[in-house]
Amino acid sequence: MKNSRRNLLITAGCLGGIMIAAPALTGAWQAGPTPQPRPSPNAPTNQNAPQGLDGRPLPVESGKQEVDKQNQQAIRLEVQRLYVMATELKDEVDRTNSNAVLSLSVVKRAQDIEKLPKQIKDRAKR
């Protein structure tokens with residue numbers, strides 16, 4: 001009986017000590033320094049202004065713009081070439097007899113004209 005009272009008193013003392021010490025330990029654990037967020041280098045200085053309108057210019061890729069201009073110029077030249085080839089094909093078909101079979105040169109020219117729009121499309125995707 002003495003052992004059971006002793007065990008009960010020891011258990012009660014331990015529980016009381018834990019209940020007293022727990023808030024102090026958790027408060028000390030939570031009271032550590034809170035990390036401060038760092039501002040992003042890409043963030044605008046004025047939160048109400050869209051990026052690029054807050055005084056800082058957006059980065060300009062001059063090399064890409066130059067390539068775009070060259071691509072656009074090449075596309076225009078290829079479209080003009082396509083127009084000329086299509087016109088020549090139309091004239092040649094108009095000159096041939098409709099009852100006769102189309103010549104091999106007309107078929108070859110038509111195949112060349114088919115390839116050119118594909119090239120223009122591929123260049124436009126760049």
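Rule-based calculations on the coordinates, nothing more; no lab input. From a predicted model like this one, the values you see are computed outputs, not experimental measurements. Ideal geometry is used to build each Cβ from the backbone, glycine not excepted, and the neighbour counts take in all protein chains shown.
Peptides 11-22, 73-84: what's the order by average Cβ count within 10 Å, highest mean first?
Top to bottom by mean Cβ count within 10 Å: 73-84, 11-22.
Going Cα to Cα from K125, which aspartates and glutamates come in below 13 Å? Please leave out same-chain ones fewer than 8 positions away.
Excluding near neighbours in sequence, the set is D68.
The stretch 61-125: Rg/Rh from Cα coordinates, Kirkwood Rh? Working shown, then result.
Values: Rg = 16.3 Å, Rh = 13.6 Å.
Looking at the stretch 61-125, the ratio lands at 1.20.
Enumerate the lysines that K90 could reach by cross-link, defined here as Cα to Cα under 16 Å, with residues fewer than 8 away along the same chain left out.
Candidates past the 8-residue exclusion: K108.
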